[in-house]
Amino acid sequence: MTAYVMKGVSLLGAAPRDLVVRDGRIADEPPGAGAEVIDAAGLVALPGLVDLHTHLREPGREDAETVETGSRAAAAGGYTAVCAMANTSPVADTAGVVEQVWRLGREAGLVDVQPIGAVTVGLAGRQLAELGAMATSAAQVRIFSDDGHCVADPRLMRRALEYVKAFDGVIAQHAEEPRLTEGAQMHEGEVSTRLGLTGWPAVAEEAIIARDVLLAEHVGSRLHVCHVSTAGSVEVLRQAKARGVRVTAEVTPHHLLLTDELATSYDPVYKVNPPLRTASDVRALRQALIDGVIDVVATDHAPHAVEDKECEWAYARPGMVGLETALPVVLSVLGEQWELIAERMSRAPARIAGLAGHGGDLAAAGSPATLTLVDPAARRTVDPSDLVSRSRNTPYAGTTLPGRIVATFLRGEPTVLDGKVVR
Amino acid sequence: MIKHLRSAADLDAETATLILDTAAEMATLAGREVKKLPTLRGRTVVNLFYEDSTRTRISFEAAAKRLSADVINFSAKGSSVSKGESLKDTALTLQAMGADAVVIRHPASGAPHRLASWVDGSVVNAGDGTHEHPTQALLDAYTMRSRLGRLDGLRVAIVGDVLHSRVARSNVLLLSTLGAQVTLVGPPTLIPIDVAAGLSGDASRRGDRLVPGEAAGGPSAPAGSAGGDEPRAVSPAAIAGLSGDASRRGDRLVPGGVAGAAGGGPAVSYDLDSVLPDSDVVMMLRVQSERMQDSYFPSAREYSRRYGLDMRRLRRLPEHAIVMHPGPMNRGMEIAPEVADSPRSTIVEQVANGVSARMAVLYLLLGGK
Ligand SMILES: [Zn+2]
């Protein structure tokens with residue numbers, strides 16, 4: 001195994017030093033002969049990023065993304081682990097499907113692909129999937145989610161929250177009261193009124209989160225809330241956390257940066273679920289991320305084929321690719337608050353997903369050498385045709401964002417060098 | 001001249017007035033023996049209709065033919081989502097045919113905007129989803145002006161299912177541009193959220209936006225690299241802070257009365273009887289009785305009692321006031337038959353004026369000379 005010495009690297013913004021990687025771990029002795037030298041002057045080392053919310057589309061929509069292409073995009077974005085959502089075709093609701101995804105991830109070998117299992121059979125919201133079988137499978141599933149759909153039935157949600165306690169599982173809820181969002185196309189407010197697009201009220205999200213934190217509190221379970229998008233949701237979470245409810249929450253990069261006004265173009269590249277909200281929602285989400293009311297930035301990377309976006313707004317599929325732009329967007333929003341970024345994009349998601357080998361302390365000898373090197377001074381103008389992902393549906397085309405991922409290492413092996421995926 | 005007519009918001013007061021004046025000239029043609037002008041000879045106008053609307057299609061077809069354009073009718077109904085050609089492929093076909101203008105009617109809001117990004121010719125919105133129908137607003141404004149002599153200061157009540165009405169959206173925008181005062185009237189369930197701000201012609205009156213350079217990160221945030229690097233990250237709404245503030249949702253209105261239309265947006269009232277005595281124009285919108293299945297109102301009978309225009313209500317209007325309806329009407333639902341047929345009704349005129357208004361639009365968009 002090749003040893004590396006990263007010369008002049010800054011760990012989370014600290015004074016430059018040399019970082020030695022040997023046998024897959026951070027070492028505190030000299031690298032020895034034959035070590036490869038990486039000029040890391042001006043670069044910042046972060047623990048490898050962990051994404052709690054990635055749509056890899058395989059099996060079923062390999063024209064949009066595969067486990068392999070999604071892994072490449074993740075590595076290019078500085079990620080070392082991604083949690084693959086269950087809304088594939090077939091749905092990841094059995095041990096067989098989650099093991100298939102897990103195995104494809106191992107074969108690609110660029111990031112740890114941790115499958116998420118469906119909560120209900122076929123995401124249909126009627127009957128629990130075999131959660132225990134997925135938990136004890138080779139994929140060792142710990143997060144369960146019907147993402148794309150809300151577990152709307154309160155009794156079923158209660159049972160799911162209770163049942164996964166047996167194996168320290170967590171239910172990741174896509175909070176959307178379906179009766180309040182029938183036909184909904186974008187955030188309900190003055191822009192939807194002007195554009196004549198059916199509104200998606202904030203309360204449809206907030207009502208489910210309010211219900212679910214009460215359910216989680218009642219049964220003493222863990223709840224994770226996917227892609228929080230409204231100021232009202234933040235307030236519900238703030239109160240629940242203050243009461244000691246075991247709830248965690250994520251926000252996407254796009255909800256930290258973009259607003260519903262973008263729908264004015266009717267370009268469905270801005271169509272996403274939950275929808276882009278208002279400026280005051282964006283401000284509340286940023287503050288919640290700083291305060292820790294929101295624990296995690298998760299991409300909700302949602303690749304789509306061209307024909308699913310080059311069409312009328314109402315007919316387009318919701319979602320945006322995000323793995324390759326997540327860190328630059330977060331840098332643009334938070335600035336160079338490396339400690340905070342490491343917590344929200346690596347350590348906290350690793351803890352929630354139970355990924356022990358991720359989110360480690362790079363200053364401690366013996367930690368896994370699972371990290372990413374970022375050039376914070378670089379600026380990149382996003383060109384969809386440059387994306388590593390198989391899909392092109394980025395909302396940032398033409399936008400200049402700070403930061404460039406120079407290298408990514410997974411357990412001492414480079415997956416990205418000089419900004420290029422190694423294989 | 002503007003290139004496309006996708007929304008009534010594409011028109012400033014000067015352009016809108018020019019269209020209305022041109023429509024008036026076009027209307028004089030109707031009285032002549034030869035009703036044709038050679039203006040658009042050799043130009044191709046495509047009527048691309050994804051919804052059945054014989055009246056609108058015929059109106060556009062007549063308008064184009066009176067200007068001597070070649071007209072191609074392309075009915076694409078039923079070939080929308082899964083089966084059939086995509087809108088983009090159709091657009092590329094029309095592009096290859098050399099269409100100078102495409103008149104599009106489509107069930108999806110914003111389809112004309114998408115089309116305009118794929119073709120070189122002019123795009124005219126003939127009704128898109130629940131968004132807009134700008135030529136209807138032009139013919140309505142034309143009708144009001146010819147009946148009442150002016151638009152500036154005119155008090156117009158638009159009554160009914162505003163939420164789903166493309167006619168209402170275009171009328172609010174155009175009438176505000178031309179100085180009329182619009183009041184939207186209907187049950188609260190059928191008045192869209194934040195309508196005063198949403199349909200204000202004045203963008204600066206709309207809500208809160210992210211400020212360029214606005215970062216969340218405190219002192220270590222690099223200057224100028226914040227959300228502000230994203231020039232499109234702007235947004236309205238929510239003048240209040242967090243969502244706990246109820247004023248964030250819904251319109252600010254005077255219950256039962258006419259709200260002050262701050263910022264040039266429309267006022268809102270839930271009480272038709274109180275609005276009628278102060279209205280110069282009452283425009284009744286079509287209300288589909290199926291809306292009661294979605295609980296927008298309890299029954300057709302209750303809707304009609306509270307918001308229908310019958311002879312009793314007609315008498316509450318000032319002497320000079322007119323009654324409009326974009327058609328097709330639900331007689332007995334939003335409008336009583338004797339009101340529709342009364343001398344105050346402009347419903348038949350509206351149809352005739354439609355051809356003149358659409359002639360003016362095609363003439364000016366295609367640079368007729
Ligand atoms: Zn989701």
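Quick notes
- Ranked B:TRP118, A:TRP200, criterion: other C-beta atoms within 10 Å, fewest first: B:TRP118, A:TRP200
- Gyration tensor (Cα) of segment A:1-122, equivalent ellipsoid semi-axes in angstrom: 36, 14, 12
- Spin-label pair B:GLU302-A:GLU29: with each label point 7 Å from Cα along the Cα-Cβ axis, the two points sit 8.3 nm from one another.
- Label-point separation, A:THR400 to A:LYS7 (7 Å along Cα→Cβ), nm: 3.1 nm
- Near-label residues of segment A:238-276 by backbone N, under 17 Å of a point 7 Å along Cα→Cβ of B:GLN95: A:267-268
- For the residues A:VAL111, A:VAL225, A:VAL297, a GNM of chain A with alpha-carbon springs under 10 Å puts the largest fluctuation on A:VAL225.
- Cα-centre dipole for segment A:48-353 with unit charges at Cβ (Lys and Arg positive, Asp and Glu negative), debye to 20: 920 debye
- Net length available on complete extension from A:GLU107 to A:ARG179 is 21.8 nm, with 0.36 nm assigned per residue and the Cα-Cα distance removed.
- Top positive-direction residue, dipole computed over segment A:48-353 with Cβ charges, set A:THR88, A:ALA204, A:ALA249: A:ALA249
- Distance from the C-alpha centroid of segment A:332-387 to that of segment A:36-80: 11 Å, rounded to the whole angstrom.
- Among A:THR69, B:THR93, a tally of other beta-carbon atoms within 10 Å of each Cβ gives an order, fewest to most, of B:THR93, A:THR69.
- Note on B:112-124: average number of Cβ atoms from other chains within 10 Å of each residue's Cβ is 2.
- Low-density loop cleavage sites - GluC sites (Glu not before Pro) in segment A:3-93, where at most 15 other Cβ are within 10 Å (DSSP): A:GLU62
- Taking the DSSP bridge list for chain A and keeping only pairs wholly inside it, about 45 percent are antiparallel.
- Magnitude of the charge dipole, the protein assembly as shown, Cβ model with Lys/Arg +1 and Asp/Glu -1, debye to 20: 1640 debye
- Sorted peptide list for A:214-223, B:356-365, A:244-253, criterion being average Cβ within 10 angstrom, highest first: B:356-365, A:244-253, A:214-223
- Springs join every pair of Cα atoms under 10 Å in this Gaussian network model of chain A, and among A:TYR270, A:TYR163, A:TYR79 the largest mean-square fluctuation is at A:TYR163.
- For chain A, a Gaussian network of Cα nodes joined below 10 Å ranks A:ASP281, A:ASP146, A:ASP28 by mean-square fluctuation, and the top entry is A:ASP28.
- Shape of the protein assembly as shown, Cα gyration tensor, a/c cut at 1.5: prolate
- Diffusion constant of segment A:48-353 at 10 °C, which comes from Stokes-Einstein with the Kirkwood Cα-pair radius and 1.306 mPa s, µm²/s: 84 µm²/s
- Looking at segment B:1-55, the trypsin sites (Lys or Arg not before Pro) that sit in a DSSP loop and have at most 11 other Cβ atoms within 10 Å of their own Cβ are B:ARG32, B:ARG41.
- Placing unit charges on the Cβ atoms of the charged side chains and taking the dipole of segment A:146-216 about its Cα centre, the candidate lying farthest along the positive direction among A:TYR163, A:VAL151, A:GLN173 is A:TYR163.
- Under 19 Å of direct C-alpha separation, and excluding same-chain neighbours fewer than eight residues apart, B:LYS65 reaches these aspartates and glutamates: B:GLU25, B:GLU33, B:ASP100.
- Applying 0.36 nm per residue to the separation of A:SER385 and A:GLN239 and subtracting their alpha-carbon distance, the gain on full extension is 48.2 nm.
- Each principal axis of the Cα cloud of segment A:315-383 was taken in turn, and the coordinate range along them, longest first, works out to 49, 32, 18 Å.
- Structure note, pairs B:LYS3/B:LYS88; A:LYS271/B:LYS88; A:LYS271/B:LYS3; A:LYS7/A:LYS420; B:LYS3/B:LYS35: Cα-Cα distances above 23 angstrom occur for A:LYS271/B:LYS3; B:LYS3/B:LYS35.
- Helical runs (DSSP H, four residues minimum) scored at -39500 (n - 2.57) apiece and divided by the length of the protein assembly as shown put the mean residue ellipticity at 222 nm at -8500 deg cm²/dmol.
- Segment A:161-184 and segment A:283-300 have Cα centres lying 19 Å from one another.
Each value in this text was obtained by applying a stated rule to the coordinates, not by laboratory testing. Treat the numbers as computed from the prediction; the structure is a model and nothing was measured. Here Cβ is always computed from backbone atoms with ideal geometry, including for glycine, and neighbour counts include all displayed protein chains.
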